[in-house]
Amino acid sequence: MSDARDEPSGLDAHCARILAEHGCASLSLAVARGDELVLTRAYGFADTAARRPATPETVYGLASVTKAFTATAVQLAAADGVLDLDSPVPAGPARAGAVTGAEAPEMPTARQLLCHRGGFPTYYDFHYDARRDPGPLPIDCDRYRALRRRPGAGFEYSNLGYRELGRLLEAATGRSLGDLLHERIAEPLGLTGFHFGPAPANPTPASPTPGSPTTGRPAVDGVAGRYTVDGRAYDLCHTNHPAAGAGWATAGDVALFARNVSSLLGSAAADPYDDALPINDRLGYGLGRIVSYGPGPEVHSHGGGMGGVAAMMVDVPEHELSVAVLTNSTGKGARDAVLDLLMAHLVPGFDRELVSPVTEFERPMALAEGAWAGAIDTAEGSVPLSVAVTAGQQVRLRLGDLPPVTVPATATDRCALRAVAPLQLPTADARLNSPSLGLELRLRDGDLTGRAIAFKNGDREGRLGSFLPHDCTLSPA
C-alpha cells in the first residue's frame, strides 16, 4: 500500500542501493498517517540462507524500541491505579561512594526510571543459545544493578532501570509482561505481528478489536533472522533485561503504535514534551520517548540496536505522521540512510540529530603527564590498574598481570579521562564475551574515580558481547 505524496521518488532503487552499500540483509519500512498505513515496503532477505524475501509483514527485532511499549504499559497501569509513578521503587543499595550527598540513598520512582534518571548504570548482557528457554543465564545482573548516582540527579541510559519497571508491572498486576503488552497494547491497536520474548516461533495475528486501525491487515510473514555486520547469523538472544529490548513487530506495527499510542492512553496520556528532561541542548527523554527541542516540528522517537537489529521509530505530531525503519543487521548505516531518505521527503529540513541522543561530546584530555594507580572493584575482588598519562593524548595502561598497552585518550564535560583498551578483566563474566576495557574517570578530591567497563566493541569477530560496569578509583602514584 502506498500514497504518492508519502513515497520518495525512486524509493525502490535507493533502498536496493543502500542495502548493497551497507551489507545489510534486509529492511522493512512503514509510514502511518492517523489510523492508516500509507506506505509499506520491504527489501532484501529475511533469511539469507533460505533466500526468503522480506515483506512488509515480516517481523523484526525491536531492541530498545521495546522501551516505548514498556513505558506505555507502565502508564496504563498507573491510570488503572495499580501503581504510582511517583512512589519509590525498591531497587537495591547504592554502591559505596558512588552516590553524592550525605543523606541515606533514595530509591528511584517509576517516573524517574521511565526517563533514565533512576541512578542505574548503563548495562546490557547478551547470551546466545538456540534453545527458547536456556535456563538461568550465566551473568547475574544483580551484581551490576546497584545505584551509582542519586535518583533524579542526571540522565544515564539504563536497561537495568527498564528491567525494574518490567518487574514492577508484573508484581503490581500479577501478569507476565508479555501478556500485558499483548492485551493492553498490541490487541487494542491491532498490531498483528507484535511479540515479546527471545523470538517469535510462529507469529500469528493478534485479534484486533472491532474498528481497530489494522482490522483487515494481512497476517505476518515469518521472522527476520538476525545477522552480524559481515553476514553471520545469530542464535536466539537471551538477556536479563527483556523489558528493555525483547520486543518484535512489523514496521507497520511500529508506525501505527507510534501514531496511535496517545489515543490508547486517552486521558492518562502525558505530553511527552512536558515530561522530557533535557539530555542535551536539542533533546530530552520523557516517558519512553526522545523528544526534540528548538526550531522545526517537534519529533518524538526511539531507536534500537543490538546484535542483528537496528530499528527506528519516529513520530511527528504536527504532521500527523509516523515512520518506522527496521533492519536485521547490527550495523545502523542502512537504517539511518533509509530514515534520512524518508524524512527528507516527508518533513523537509529534518535533522537526524533530533533522534540521536548524544549525551557527551569528546574533547582533548587535559590531564598532565603523570602516573596513577588503584583498582577496579569486581564481584570477584579488586583488580589492580595503573595508568600513566603520556605525551600526545595517550595513556599507558597495566591491568593486573597483563602486559601494558598504550592507547589514545580523550575527555568529555563529565570525564577527565576516557579510553578503550584491548584488555580483558579476569572475571568469569568478562571472560564470557567482553574482551575490551573502557575507562570513564573524573577528577574528584584529587583522585580519578568512575567506572571501568568490560565490553565487546562490535561483532566482526563472534557475537556482540555484554557491557559490564565496575567502580574504579585511582590515586596519584
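The values are calculated or read from the model by the stated rules, or taken from the named source; none is laboratory data. Keep in mind it's a predicted model, so treat the numbers as computed, not measured. Every residue, glycine as well, gets a Cβ built from its backbone with ideal geometry; the counts of neighbours run over all protein chains shown. These area figures cover heavy atoms from the full protein model, side chains too; ligands, DNA and RNA do not enter into them. Shrake-Rupley method; radii C 1.70, N 1.55, O 1.52, S 1.80 Å.
Remarks
- Here the Debye sum runs over all C-alpha atoms of region 99-169 as equal scatterers in vacuum, and log10 of I(q)/I(0) at q = 0.14, 0.17, 0.19, 0.21 Å⁻¹ comes out as -0.48, -0.66, -0.77, -0.88.
- Compared with the alpha-carbon gap, the fully stretched path from Thr406 to Asp281 is longer by 41.6 nm at 0.36 nm per residue.
- Note that region 341-477 shows a convex hull volume over its alpha carbon atoms of 147 Å³ per residue.
- Region 2-65: C-alpha gyration tensor shape, a/c 1.5 cut-off, then a/b vs b/c: oblate
- Most simply put, the chain has about 95% antiparallel DSSP beta bridges, counting only bridges with both residues inside it.
- Relative intensity, log₁₀ I(q)/I(0), of region 222-372 from a Debye sum that treats every alpha carbon as a point, q = 0.14, 0.17, 0.20 Å⁻¹: -0.78, -1.07, -1.35
- Whole-number D in µm²/s for the chain (Stokes-Einstein; Kirkwood sum over Cα pairs; 4 °C, 1.567 mPa s): 56 µm²/s
- Ellipticity estimate at 222 nm from DSSP helix runs (n ≥ 4, -39,500 (n - 2.57)) divided over the chain, nearest 500: -5500 deg cm²/dmol
- Computed from Cα positions, the angle between helix 66-79 and the longest principal axis of the chain comes to roughly 80 degrees.
- Here, region 283-418 is characterised by an Rg to Rh ratio of 1.14, where Rg is the alpha-carbon radius of gyration and Rh the Kirkwood radius.
- Solvent-accessible surface of the chain, averaged per residue with a 1.4 angstrom probe and all protein chains in place: 39 square angstrom.
- Rounded tilt (10° steps) of 11-22 against the dominant C-alpha axis of the chain: 30 degrees
- Label-zone membership for region 113-149, site Ala233, 7 angstrom Cα→C-beta point, backbone N under 14 Å: 129-131
- The label point for Asp445 and the one for Glu298, both projected 7 Å from the Cα toward the Cβ, are 4.3 nm apart.
- Between helix 333-346 and the chain: long-axis angle, C-alpha atoms, 0 to 90°, nearest 10: 50 degrees
- Counting Lys and Arg as +1 and Asp and Glu as -1 over every other residue whose Cβ lies under 10 Å from the Cβ of Leu354, the net charge comes to -1.
- Efficiency of FRET between Glu380 and Glu320 - r from beta-carbon atoms, R0 56 angstrom, step 0.05: 0.55
- Protein accessible area in the chain, 1.4 Å probe - carbon and sulfur %: 51 percent
- Potential lengthening between Thr48 and Gln394 on full extension [0.36 nm per residue; Cα-Cα distance subtracted]: 120.3 nm
- Distance in nm between pseudo-label sites at Glu353 and Asp80 (7 Å out along the Cβ direction from Cα): 4.2 nm
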